[in-house]
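The structure appears below as structure tokens.
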Amino acid sequence: MKKLIILAAALLVLAGTADAKWWIFGKSKTEVGLKYLFINKISADETGPKIKLFRETLGADGLVRITGRASGGQTGSVRVTLDDKATWQDVKFADNGTFEHAFKPEPGKTYVMLIEVTDTAGKTNKPEETRKEITLSEENIQAKVKEALDAMFAAYNAENLQKFMGHVGENFAGDKAILERAVKRDFDALSNISMRYTLNNIAAGAQGRVFVSITYNRMVFVNKTGATNTDSGATEFVFDSKEGKLSLFSMKQPLMFGLSDAENVATGTVLGNTSDNLVLDEGGNLGGSYTSVTISDADGIFSYDMDTETTDAAPTFTGCGGTYSGQVTFNLGNPSVYNAAGGAIQEIPGKTISTVTSAEVQAITGVCPNDNNAGKTYGVKSGGSLYAIEVVSISGSGPYSVTFKFRKF
Amino acid sequence: MKNTAAALLLLFAGNALAGTEFHATNELSATYNETAGPGKGASSLTRGLNFLETLSLYGSGSKGTWDYNYTFGAKATDDERNDAKKVSLTSLQGRLTDKVHTLTSGDVFESFSQYSLATSLKGASYRFNKEGTRLPEVTAVFGWAYPRWDSVWNDPRTRSVKRQGTGLRVKQELTPDLWAAGSYVGTKDTGRLAPADALYDSRNYTFDFGYAPIPGLTAAGEYSASDYDETTGGASARGAAARLELVGDADPSRVSLEYENVEPDFFSALGSATPDRRKFKARWRYKYSKRVTVNFGLLWYRNNLEGGSAAGTTRNWKPEVSVGVKKPFAGRPYSFADLSYKFDRKYGGGSSGADHYLNANYHDRLGGLDSDTNLGYTLYKTKTDVRDASELTFNTALSSRHEVKAVVLKPSVNLGTWYSKDELADAADKLYEYSLGLGFEAPGASLTADLRAGQNLLRKEAGEDSDKFFAALGAYWRPKLLARLNDTTLFLRAGYNSYDFTTSASNFREKTVTLGLNASF
């Protein structure tokens with residue numbers, strides 16, 4: 001590690017001193033040009049020919065700042081035009097060729113910017129190489145975030161990999177190549193993807209980065225089983241504002257995209273994440289979310305351990321609070337459902353296994369309800385852990401059968 | 001905290017009246033959803049009538065030498081699938097600057113660097129930056145890393161762990177081409193929701209830099225050391241992360257080299273990092289000619305850097321090459337072809353796989369018909385019998401544009417198929433998709449619409465077959481009646497989905513209609 005850092009430092013020093021331009025074909029050191037150019041702290045190399053800025057990403061003074069450094073001979077003058085060469089303004093520069101120019105843009109107006117650098121020998125750069133069309137959008141950042149998310153969700157729903165990856169930045173924190181392979185695997189494993197969202201929180205930083213928190217709601221078909229799966233929750237994204245649009249910089253768990261390699265794609269987990277994450281394993285099977293269980297039992301009295309996913313058809317304790325942590329006892333003839341010793345179980349009305357939150361489970365205090373009916377969702381506190389159970393169906397009168405979904409928070 | 005927010009709102013409302021610039025956007029929509037069929041419980045739609053209202057305000061102005069701006073956003077809905085909260089604040093920020101001192105409060109997003117601070121806080125920040133001097137740029141930030149404003153007032157439905165963050169960054173321009181910065185970010189978690197919730201007390205010390213030694217070459221990197229205590233599990237650890245990126249960019253080439261090493265115990269509560277990963281990445285884009293561009297890429301990464309994982313070490317190689325050709329056929333001015341090959345080699349840690357991805361894309365204009373065709377072949381091969389499968393995908397889209405008096409019609413057809421042969425299960429799955437679309441534009445009446453209908457058919461050799469029929473309409477009208485407002489759109493979205501499975505007890509149908517108005521000035 002240390003050796004690598006030393007080697008990299010040495011390479012950088014050499015690059016700065018020697019004429020080591022093996023990566024730039026056909027450039028001469030004596031040519032007058034720009035060593036670098038930044039528009040609002042974003043490198044002109046990264047912006048593309050058209051730059052769309054947003055009010056919220058400018059500073060409080062609303063100025064666009066153009067900074068750069070002339071290269072070649074001794075700098076004689078630096079000029080800038082914002083109206084495609086119709087008028088030019090002189091720009092103050094330092095002896096070392098650095099310069100800065102700021103202007104306050106009007107929303108909706110396009111500024112065609114070119115920079116002309118002339119050295120003391122009268123040689124000039126090629127201004128056309130610096131051409132940028134700068135526009136201050138009339139849209140607010142919320143509309144822009146919505147546009148970016150809508151496009152990403154639409155491309156993902158339509159399983160269009162090329163379009164989807166067009167919204168991911170080159171510097172994606174989890175790595176763009178890893179995300180691309182993961183999304184490709186998502187598309188192979190899922191079909192009929194239907195995802196919707198609403199915005200929870202947006203924060204634009206002065207550096208052009210935008211933080212976005214959303215509530216999502218998702219339904220997918222798993223090709224391997226042909227079954228549907230739904231989930232919902234809240235997650236976070238960070239976008240970079242570049243090339244006139246927002247591009248994805250990072251995502252947190254629970255993931256919206258790249259479920260097939262969640263470990264490498266996500267950089268962090270949303271605080272207070274209340275849902276198990278939908279993930280795809282190497283074989284294209286869906287994991288995470290909830291587990292669906294169907295149990296048939298002769299007398300309808302059995303216990304189920306949600307940690308080990310095992311059933312005890314003839315439990316020693318069958319009363320309220322009689323089981324061990326992680327377990328619940330069903331009495332399908334009653335019908336009732338009992339919590340473990342010291343735990344709690346209580347219906348959370350109007351909720352499904354996908355929409356119930358850990359906070360709601362944390363708030364329950366009830367024990368052992370005698371009204372266990374299909375369609376109800378219960379919160380379960382047991383042994384320091386939180387669970388939720390949604391009873392899908394109860395049928396039979398001995399033997400009995402119950403289908404329920406459960407998840408651990 | 002609630003009172004503080006209310007005071008801020010009042011302050012902003014007052015400012016809005018006196019502000020030199022003020023913009024507002026409001027969108028109100030009502031949605032009616034209906035689900036039917038024995039399997040309707042699988043639908044992700046909320047039945048009945050629901051509404052969604054979003055409001056966004058922006059204002060700016062100046063007083064003396066000080067410039068200010070503010071943003072405010074709110075959302076209201078009665079659909080729990082849209083949000084657990086009926087009314088919530090989506091953004092709140094105020095900024096004040098005299099071009100040297102900048103104060104921000106509310107939603108504060110000061111991105112120090114990737115490893116140290118790359119998320120938003122609810123709090124305040126101060127920045128000192130005197131341009132044209134040798135003085136360093138200093139940024140201080142304090143706040144809470146709540147994912148949303150409702151978490152700030154501890155609403156039980158959106159409550160989260162309370163993560164308090166404090167940060168300081170000093171950035172110095174050492175030469176015109178080189179800057180360096182040092183930063184500290186400390187966090188402290190309190191208020192766990194579940195007994196098992198991890199609570200961190202962490203510190204990150206980070207150094208980052210940027211260097212542009214010659215035209216076209218930039219270097220950037222950072223090193224971050226972390227130190228945390230976790231109270232629930234009683235763990236404490238120290239770790240470090242480093243990354244270095246070199247980019248050479250000048251026509252006809254763009255080369256980037258990236259190295260990253262994130263130790264297993266590295267922890268960044270407010271930054272972005274994938275722990276326990278060493279990565280090397282190289283990319284070269286070469287414009288061979290005006291028509292031909294070639295891209296090469298190589299990504300290598302591994303985990304288990306300290307050898308402590310019981311599962312062992314997994315190594316990944318991901319080389320790729322792609323060629324994009326404009327006008328591959330001289331007589332076809334709108335033609336473009338792209339061919340790519342990607343390879344994934346993963347081994348160690350109990351798994352071994354070699355996957356091949358081959359993809360060809362061609363788009364062209366044939367007479368008045370635009371076409372976009374994609375053909376992909378993927379071979380998943382694992383030595384551990386996790387997944388041995390070959391997959392073929394084919395999609396083509398044809399579209400055209402016809403002007404009929406003052407109306408523009410845009411008919412389109414999409415066809416697609418996916419074939420997957422699972423060698424382990426000895427079963428083949430097929431997915432067929434087709435859809436027909438008609439776009440409609442009446443510029444004189446400020447009306448646009450898009451209608452699309454189609455079917456997706458999944459046929460499985462073993463397992464549940466499914467059919468989905470769908471129809472969707474979107475119509476957008478900018479009425480002249482509301483022309484006083486800068487940009488107003490009345491919209492209608494309607495959809496019908498019918499899902500049928502081999503097991504008819506799973507069948508269900510969805511109908512949805514949304515009517516809304518988006519207005520901004």
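Laboratory data are not the source of any read-out in this text; all were calculated from the coordinates shown. This structure is a prediction, so every number in the text was calculated from the model and none was measured. Cβ: placed from backbone, ideal geometry, glycine included. Neighbour counts: every protein chain shown.
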How do the pairs read when you match residues in the range B:285-300 that are without any contact (Cβ under 8 Å) to a residue 24 or more places away in the chain with residues anywhere that are not aliphatic (A, V, I, L, M), using Cβ under 6 Å and keeping only pairs 6 or more apart or on different chains?
B:298/B:319; B:299/B:281; B:299/B:318; B:300/B:280; B:300/B:317
Applying the selection to the range A:149-163, what residues are away from chain B (no Cβ under 13 Å) and either within 20 Å of residue B:378 (Cα to Cα) or in a loop (DSSP other than H, G, I, E, B) (or both)?
A:156
Do you know which residues across the range B:63-103 are more than 8 Å from chain A (Cβ to nearest Cβ), without any contact (Cβ under 8 Å) to a residue 60 or more places away in the chain and assigned to a strand (DSSP E or B)?
B:63, B:66, B:70, B:74, B:76, B:87, B:101, B:103
Subset of the range B:405-415 [part of a strand (DSSP E or B) and either in contact (Cβ under 8 Å) with a residue 24 or more places away in the chain or over 18 Å from residue B:369 (Cα atoms) (or both)]
B:407, B:408, B:409, B:410, B:411, B:412, B:413, B:414
Of the residues A:133, A:129, only one is closer than 29 Å to residue A:204 by Cβ and among the acidic types (Asp, Glu); which?
A:133
Of the residues in the range B:109-138 that are among the β-branched types (Val, Ile, Thr) and surrounded by fewer than 22 Cβ atoms within 10 Å (Cβ to Cβ), the one that is farthest from residue B:70 (Cα to Cα) is B:133
Being closer than 30 Å to residue A:223 by Cβ, more than 14 Å from chain A (Cβ to nearest Cβ) and either of a type in the set (Lys, Arg) or surrounded by 14 or more Cβ atoms within 10 Å (Cβ to Cβ) (or both) is the requirement here; does residue B:398 meet it?
yes
Candidate set from the range A:171-230 (those that are small (Gly, Ala, Ser) and assigned to a helix (DSSP H, G or I)); member that is farthest from residue B:435 (Cα to Cα)
A:177
Of all residues being facing chain A (nearest Cβ under 9 Å) and of a type in the set (S, T, N, Q) in the range B:24-45, which is farthest from the chain's Cα centre (by Cα)? Just the residue, please.
B:43
Might you check whether a residue that is under 11 Å from the mean Cα position of the chain (by Cα), crowded, with 24+ Cβ neighbours inside 10 Å and within 8 Å of another protein chain (Cβ to nearest Cβ) occurs anywhere in the range A:214-233?
no
Can you tell me which residue in the range B:147-163 is surrounded by the fewest Cβ atoms within 10 Å (Cβ to Cβ), limited to those that are assigned to a loop (DSSP other than H, G, I, E, B), facing chain A (nearest Cβ under 7 Å) and without any contact (Cβ under 8 Å) to a residue 40 or more places away in the chain?
B:156
Residue count for the range A:82-123, restricted to those that are within 12 Å of chain B (Cβ to nearest Cβ) and either touching a Pro at 6+ places or on another chain (Cβ under 7 Å) or of a type in the set (Phe, Trp, Tyr) (or both):
4
Kindly evaluate residue A:79 against the criterion of being more than 10 Å from chain B (Cβ to nearest Cβ), in a strand (DSSP E or B), touching an Asp or Glu at 6+ places or on another chain (Cβ under 7 Å) and of a type in the set (Lys, Arg).
yes
